[in-house]
Amino acid sequence: MTSRPTRPALHLLDELQAMLAHGTVARRVETLRRVTDLFLDGVDYNDEQIEVFDDVFTCLVEDIESNAMVLLAQRLANVQAPPRIIRQLAFEDRIEIAAPVLSQSEQLDDATLIANVRAKSQQHMMAISTRRTLSGAVTDVLVELGNPAVVQSTVKNPGAEFSDNGYCVLARRAEHDDGLADALGQRTIPRAQYLKMIAIASATVRSKLEAANPHAAADVGNAVRQAGRLARSAPRGISRQTSIAHGLVRSLFEEGRIDAVAVHSFAQQRKFDETNQAIACLANITVETAEAMMVESRDEGVLILAKVCNLTWATVREIIDMRDEINGTHSHDLEECRDTYERLRTSTAQQVLRFHRMQQSTAAAPPAA
């Protein structure tokens, strides 16, 4: 296909110069409508022609009435429009002008959207939160700076992606926002991030409850651990991908194909679900127990599981690195950790794991009538 002749556009440029010098607001609005019609009727404009249109639009929108700007934003939001006018519309203070572009235009890149979030209003953030897709970089700033309505809208957007840090922020904000907690419950969240959120939320709840009830700290701790156990085993916390990974590793174990080498491979590839299930199989514990020790414990929990499974230090290091990447933390002196692992006896690790297993069974037991 070929581009349309540029003569109508050039004719409009001549008219534009005269109109800007002597024309009324009504004439300016009519010219804007005609320029928009001409642009939308065009086929495959080249870069030079688009730049001409950008110049025309930029001149016409100066001191023009709000309704005409709203109409322009609505008409340009869903097309490959001149870039400068799209950005100008997106950064308009009047949300009725900015919203169509912010919510629909695919010409706005992540850097522009992030700049808009940081510079404009909560209404601008709300418009951005409804876009067809949102990257983790954009949702990071939305969940950090947005009000509760903006954050809930972002979480409810099926096209929104979230980074590990974004999930952490959401976990903390959900402690004070029941609506956000419900919205999070409706999302399919990667298992590692889900467990991390549970750990963060549990710590926050424990801190608040212990401060309010200093004489019942032990009971509070037990209640939080029980809540965490129930949350970890809740169906909504287990995605289809996690279930498939767990089932596949369990089948491989039953066929005798899961060993220390397999665990090292899973950890090295940062396959969180597969690593946990493989360790659970080798240590003869539930995958929930393995996950809890992986995400919620300090390095000691990982060392105990690894020693019971007879893993090498190289594998332990991969597991710790994977856990730290998930938690957004950094383990302390790894050399000291290695010394501890090498001194740790298998029999001691087995005794500790039996005690841990007993605690889990006690927590899972229904309360006595």
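Some values worked out for this structure:
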read-out	value
Test for LEU230: is it modelled with pLDDT under 65, open to solvent by 20 Å² or more (accessible area, probe 1.4 Å) and closer than 26 Å to ASN284 by Cα	yes
Tally of residues being assigned to a helix (DSSP H, G or I) and open to solvent by 70 Å² or more (accessible area, probe 1.4 Å) across the stretch 254-278	3
Answer from GLU15, GLU30, GLU51 - the residue that is modelled with pLDDT of 60 or more, assigned to a helix (DSSP H, G or I) and surrounded by 15 or more Cβ atoms within 10 Å (Cβ to Cβ)	GLU15
Enumerated helices (runs of 4 or more DSSP H) restricted to the stretch 148-191, each holding at least 2 residues that are β-branched (Val, Ile, Thr)	148-156
Of all residues in the stretch 94-117 being open to solvent by less than 20 Å² (accessible area, probe 1.4 Å) and assigned to a loop (DSSP other than H, G, I, E, B), the one that is nearest to ASP164 (Cα to Cα)	LEU108
Flag for THR154 being within 29 Å of the chain's Cα centre (by Cα) and of a type outside the set (D, E, K, R)	yes
Residue match in the stretch 71-93 (condition: closer than 30 Å to HIS176 by Cα, open to solvent by 10 Å² or more (accessible area, probe 1.4 Å), free of Cβ contacts under 8 Å to residues at least 60 places away in the same chain and among the hydrophobic types (A, V, I, L, M, F, W, C))	no
Residues located in the stretch 118-148, provided they are surrounded by fewer than 17 Cβ atoms within 10 Å (Cβ to Cβ), in contact with an Asp or Glu (Cβ under 9 Å, 6 or more places away or on another chain) and among the hydrophobic types (A, V, I, L, M, F, W, C)	ALA137
Residue tally, condition of a type in the set (D, E, K, R), over 10 Å from the mean Cα position of the chain (by Cα) and under 18 Å from GLN193 (Cα atoms), over the stretch 115-151	1
Selection status of SER202, within 23 Å of THR188 (Cα to Cα), at pLDDT below 70 and not charged (D, E, K, R)	yes
Breaking point among (1) crowded, with 16+ Cβ neighbours inside 10 Å; (2) closer than 24 Å to VAL79 by Cα; (3) β-branched (Val, Ile, Thr), for VAL151	(2)
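The values are calculated or read from the model by the stated rules, or taken from the named source; none is laboratory data. Here the structure is a predicted model, which means the values were calculated and not measured. In this analysis, Cβ positions are derived from the backbone assuming ideal geometry, glycine residues included, and neighbour counts consider all displayed protein chains. Please note that ligands, DNA and RNA were not included when accessible areas were found on the heavy atoms of the full protein model with its side chains. Shrake-Rupley method; radii C 1.70, N 1.55, O 1.52, S 1.80 Å.
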